[in-house]
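Taking it in order: structure first as C-alpha coordinates, then the write-up.
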Amino acid sequence: EWGTVLFGLLATTLPACLLGALFYGVLLLCLRNTPRRRAIGYFSKTQILGAAGSAIMHGAQDSQKFMGVYLLGLSLLGIVSGDPDTLPLPVIFLCASVMTLGTMLGGARIIKKVGCEMTDLDAVGGSAADAASTAVLVFCSLLGIPASTTHSKSCAIMGTGLCRRGSLNPRIVA
(Lines give C-alpha, C1' and ligand atoms only; values in the text may rest on other atoms or scores of the structure.)
Protein backbone atom coordinates (compact mmCIF):
# COMPACT_ATOMS: atom_id res chain seq x y z
CA GLU A 1 0.00 0.00 0.00
CA TRP A 2 2.89 2.41 0.62
CA GLY A 3 3.84 2.13 -3.04
CA THR A 4 0.35 3.26 -4.01
CA VAL A 5 0.58 6.25 -1.64
CA LEU A 6 3.99 7.26 -3.01
CA PHE A 7 2.72 6.83 -6.56
CA GLY A 8 -0.22 9.08 -5.65
CA LEU A 9 2.18 11.79 -4.48
CA LEU A 10 4.12 11.57 -7.73
CA ALA A 11 0.95 11.41 -9.82
CA THR A 12 -0.32 14.67 -8.36
CA THR A 13 2.83 16.74 -8.77
CA LEU A 14 4.54 16.60 -12.16
CA PRO A 15 1.40 15.77 -14.21
CA ALA A 16 -0.55 18.61 -12.53
CA CYS A 17 2.29 21.04 -13.20
CA LEU A 18 2.59 19.99 -16.84
CA LEU A 19 -1.17 20.05 -17.38
CA GLY A 20 -1.42 23.47 -15.73
CA ALA A 21 1.23 24.82 -18.09
CA LEU A 22 -0.37 23.11 -21.09
CA PHE A 23 -3.91 24.30 -20.33
CA TYR A 24 -2.73 27.86 -19.62
CA GLY A 25 -0.58 27.93 -22.76
CA VAL A 26 -3.46 26.71 -24.91
CA LEU A 27 -5.82 29.27 -23.34
CA LEU A 28 -3.33 32.09 -23.95
CA LEU A 29 -2.94 30.95 -27.54
CA CYS A 30 -6.72 30.82 -28.06
CA LEU A 31 -7.22 34.21 -26.41
CA ARG A 32 -4.36 36.09 -28.08
CA ASN A 33 -6.77 38.23 -30.15
CA THR A 34 -9.33 38.67 -27.36
CA PRO A 35 -9.26 41.86 -25.28
CA ARG A 36 -7.81 41.04 -21.85
CA ARG A 37 -10.71 42.61 -19.96
CA ARG A 38 -13.24 40.48 -21.82
CA ALA A 39 -11.25 37.27 -21.26
CA ILE A 40 -10.79 38.02 -17.53
CA GLY A 41 -14.52 38.76 -17.21
CA TYR A 42 -15.43 35.45 -18.82
CA PHE A 43 -12.94 33.36 -16.86
CA SER A 44 -13.94 35.03 -13.59
CA LYS A 45 -17.29 33.31 -14.10
CA THR A 46 -15.82 29.96 -15.13
CA GLN A 47 -13.79 29.86 -11.92
CA ILE A 48 -17.04 29.02 -10.12
CA LEU A 49 -17.15 25.74 -12.06
CA GLY A 50 -13.48 25.17 -11.32
CA ALA A 51 -14.04 25.73 -7.62
CA ALA A 52 -16.96 23.30 -7.65
CA GLY A 53 -14.83 20.66 -9.37
CA SER A 54 -12.05 21.22 -6.87
CA ALA A 55 -14.45 20.93 -3.95
CA ILE A 56 -15.89 17.66 -5.27
CA MET A 57 -12.44 16.18 -5.80
CA HIS A 58 -11.30 17.43 -2.39
CA GLY A 59 -14.15 15.44 -0.90
CA ALA A 60 -13.42 12.44 -3.10
CA GLN A 61 -9.75 12.34 -2.13
CA ASP A 62 -8.75 14.07 1.11
CA SER A 63 -11.93 13.44 3.08
CA GLN A 64 -11.69 9.70 2.39
CA LYS A 65 -8.30 9.61 4.10
CA PHE A 66 -9.59 11.47 7.13
CA MET A 67 -12.66 9.27 7.42
CA GLY A 68 -10.42 6.22 7.36
CA VAL A 69 -8.33 7.61 10.21
CA TYR A 70 -11.45 8.50 12.24
CA LEU A 71 -12.90 5.04 11.63
CA LEU A 72 -9.63 3.40 12.67
CA GLY A 73 -9.59 5.44 15.89
CA LEU A 74 -13.19 4.56 16.69
CA SER A 75 -12.45 0.89 16.00
CA LEU A 76 -9.44 0.94 18.31
CA LEU A 77 -11.55 2.52 21.04
CA GLY A 78 -14.18 -0.18 20.54
CA ILE A 79 -16.88 2.35 19.65
CA VAL A 80 -17.40 1.01 16.13
CA SER A 81 -17.19 -2.59 15.07
CA GLY A 82 -18.46 -4.66 12.21
CA ASP A 83 -18.14 -4.19 8.48
CA PRO A 84 -15.22 -1.84 7.68
CA ASP A 85 -16.92 -0.90 4.40
CA THR A 86 -19.83 0.67 6.29
CA LEU A 87 -19.07 4.16 7.47
CA PRO A 88 -21.27 5.57 10.24
CA LEU A 89 -23.06 8.78 9.25
CA PRO A 90 -21.67 10.73 12.27
CA VAL A 91 -18.11 10.01 11.04
CA ILE A 92 -18.98 11.48 7.64
CA PHE A 93 -20.47 14.60 9.24
CA LEU A 94 -17.52 14.92 11.63
CA CYS A 95 -15.06 14.75 8.75
CA ALA A 96 -17.03 17.26 6.66
CA SER A 97 -17.26 19.62 9.63
CA VAL A 98 -13.56 19.43 10.47
CA MET A 99 -12.53 19.97 6.84
CA THR A 100 -14.95 22.90 6.50
CA LEU A 101 -13.66 24.49 9.70
CA GLY A 102 -10.05 24.00 8.61
CA THR A 103 -10.76 25.59 5.24
CA MET A 104 -12.54 28.52 6.89
CA LEU A 105 -9.69 29.11 9.34
CA GLY A 106 -6.68 28.58 7.09
CA GLY A 107 -7.95 28.64 3.54
CA ALA A 108 -7.57 32.36 2.89
CA ARG A 109 -3.96 32.35 4.11
CA ILE A 110 -3.08 29.39 1.87
CA ILE A 111 -4.87 30.91 -1.13
CA LYS A 112 -2.98 34.19 -0.63
CA LYS A 113 0.36 32.41 -0.35
CA VAL A 114 -0.13 30.12 -3.36
CA GLY A 115 -2.28 32.32 -5.62
CA CYS A 116 -0.68 35.70 -4.97
CA GLU A 117 2.84 35.20 -3.63
CA MET A 118 3.96 32.04 -5.45
CA THR A 119 2.80 33.43 -8.80
CA ASP A 120 0.59 36.27 -9.92
CA LEU A 121 -2.55 34.29 -10.77
CA ASP A 122 -5.26 35.87 -12.89
CA ALA A 123 -8.68 34.42 -13.73
CA VAL A 124 -7.43 32.68 -16.88
CA GLY A 125 -4.53 31.08 -15.02
CA GLY A 126 -6.81 30.15 -12.12
CA SER A 127 -9.23 28.42 -14.49
CA ALA A 128 -6.38 26.55 -16.17
CA ALA A 129 -4.99 25.47 -12.78
CA ASP A 130 -8.45 24.37 -11.58
CA ALA A 131 -9.02 22.32 -14.72
CA ALA A 132 -5.56 20.73 -14.54
CA SER A 133 -5.71 19.78 -10.87
CA THR A 134 -9.28 18.51 -11.15
CA ALA A 135 -8.34 16.36 -14.18
CA VAL A 136 -5.41 14.83 -12.29
CA LEU A 137 -7.56 14.14 -9.22
CA VAL A 138 -10.35 12.59 -11.29
CA PHE A 139 -7.79 10.33 -12.96
CA CYS A 140 -6.35 9.27 -9.58
CA SER A 141 -9.82 8.72 -8.11
CA LEU A 142 -10.91 6.53 -11.01
CA LEU A 143 -7.79 4.39 -10.57
CA GLY A 144 -8.20 4.24 -6.78
CA ILE A 145 -4.93 6.08 -6.17
CA PRO A 146 -4.81 8.17 -3.00
CA ALA A 147 -3.85 11.68 -4.04
CA SER A 148 -3.29 15.04 -2.40
CA THR A 149 -5.58 17.87 -3.44
CA THR A 150 -3.10 20.39 -2.06
CA HIS A 151 -0.18 18.99 -4.07
CA SER A 152 -2.26 18.82 -7.22
CA LYS A 153 -3.59 22.36 -6.92
CA SER A 154 -0.22 23.88 -5.95
CA CYS A 155 1.61 22.16 -8.78
CA ALA A 156 -1.04 23.14 -11.33
CA ILE A 157 -0.67 26.76 -10.21
CA MET A 158 3.12 26.42 -10.55
CA GLY A 159 2.55 25.19 -14.10
CA THR A 160 0.62 28.34 -14.97
CA GLY A 161 3.39 30.42 -13.40
CA LEU A 162 5.97 28.69 -15.59
CA CYS A 163 4.19 29.98 -18.69
CA ARG A 164 5.10 33.56 -17.81
CA ARG A 165 8.79 34.28 -17.54
CA GLY A 166 9.80 35.46 -14.06
CA SER A 167 6.31 34.96 -12.66
CA LEU A 168 7.11 32.01 -10.36
CA ASN A 169 8.63 32.90 -6.98
CA PRO A 170 11.15 30.12 -6.17
CA ARG A 171 11.36 31.18 -2.51
CA ILE A 172 7.64 30.40 -2.02
CA VAL A 173 7.82 27.23 -4.15
CA ALA A 174 10.58 25.81 -1.94
Hits in the stretch 10-21 - residues which are surrounded by 15 or more Cβ atoms within 10 Å (Cβ to Cβ) and either aliphatic (A, V, I, L, M) or not in a helix (DSSP H, G or I) (or both): ALA11, THR12, THR13, ALA16, LEU18, LEU19, ALA21
Odd one out for ASN33 among (1) among the polar types (S, T, N, Q); (2) open to solvent by less than 100 Å² (accessible area, probe 1.4 Å); (3) farther than 17 Å from CYS163 by Cβ: (2)
Go through (1) buried (at least 18 other Cβ atoms within 10 Å of the Cβ); (2) without any contact (Cβ under 8 Å) to a residue 60 or more places away in the chain; (3) more than 18 Å from the chain's Cα centre (by Cα) and name the single condition CYS163 misses. (2)
For the list (1) open to solvent by 40 Å² or more (accessible area, probe 1.4 Å); (2) under 23 Å from CYS17 (Cβ atoms), I need the number of the one condition that MET118 fails. (1)
If I filter the stretch 164-174 for residues that are polar (S, T, N, Q), touching an Asp or Glu at 6+ places or on another chain (Cβ under 9 Å) and assigned to a helix (DSSP H, G or I), do I get at least one hit? no
Looking at (1) modelled with pLDDT of 75 or more; (2) hydrophobic (A, V, I, L, M, F, W, C); (3) open to solvent by 70 Å² or more (accessible area, probe 1.4 Å), which one does ILE111 not meet, given that it meets all the others? (1)
What's the total number of residues in the stretch 85-120 that are in a helix (DSSP H, G or I) and either touching a helix residue (DSSP H, G or I) at 6+ places or on another chain (Cβ under 9 Å) or acidic (Asp, Glu) (or both)? 14
Here is a list: VAL91, VAL5, VAL98. Which entry is touching a Pro at 6+ places or on another chain (Cβ under 9 Å) and either farther than 30 Å from GLY161 by Cβ or modelled with pLDDT under 80 (or both)? VAL5
Out of curiosity, is PHE139 of a type in the set (Phe, Trp, Tyr), surrounded by 14 or more Cβ atoms within 10 Å (Cβ to Cβ) and at pLDDT 80 or above? yes
Considering ALA132, ALA174, which residue is at pLDDT 90 or above and not β-branched (Val, Ile, Thr)? ALA132
Qualifying positions in the stretch 121-132 - among the acidic types (Asp, Glu) and either in a helix (DSSP H, G or I) or open to solvent by 80 Å² or more (accessible area, probe 1.4 Å) (or both): ASP130
So which residues in the stretch 115-135 are more than 11 Å from the chain's Cα centre (by Cα) and either among the hydroxyl-bearing types (Ser, Thr, Tyr) or within 16 Å of THR12 (Cα to Cα) (or both), if there are any at all? THR119, SER127, ALA128
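The values are calculated or read from the model by the stated rules, or taken from the named source; none is laboratory data. Since the structure is predicted, the reported quantities are computational estimates derived from the model, not experimental observations. When we count neighbours, we look across all protein chains shown, and the Cβ atoms used for this are built from the backbone with ideal geometry, even at glycine. Only protein heavy atoms, including side chains, enter the accessible area calculation; ligands, DNA and RNA are left aside. Shrake-Rupley method; radii C 1.70, N 1.55, O 1.52, S 1.80 Å.
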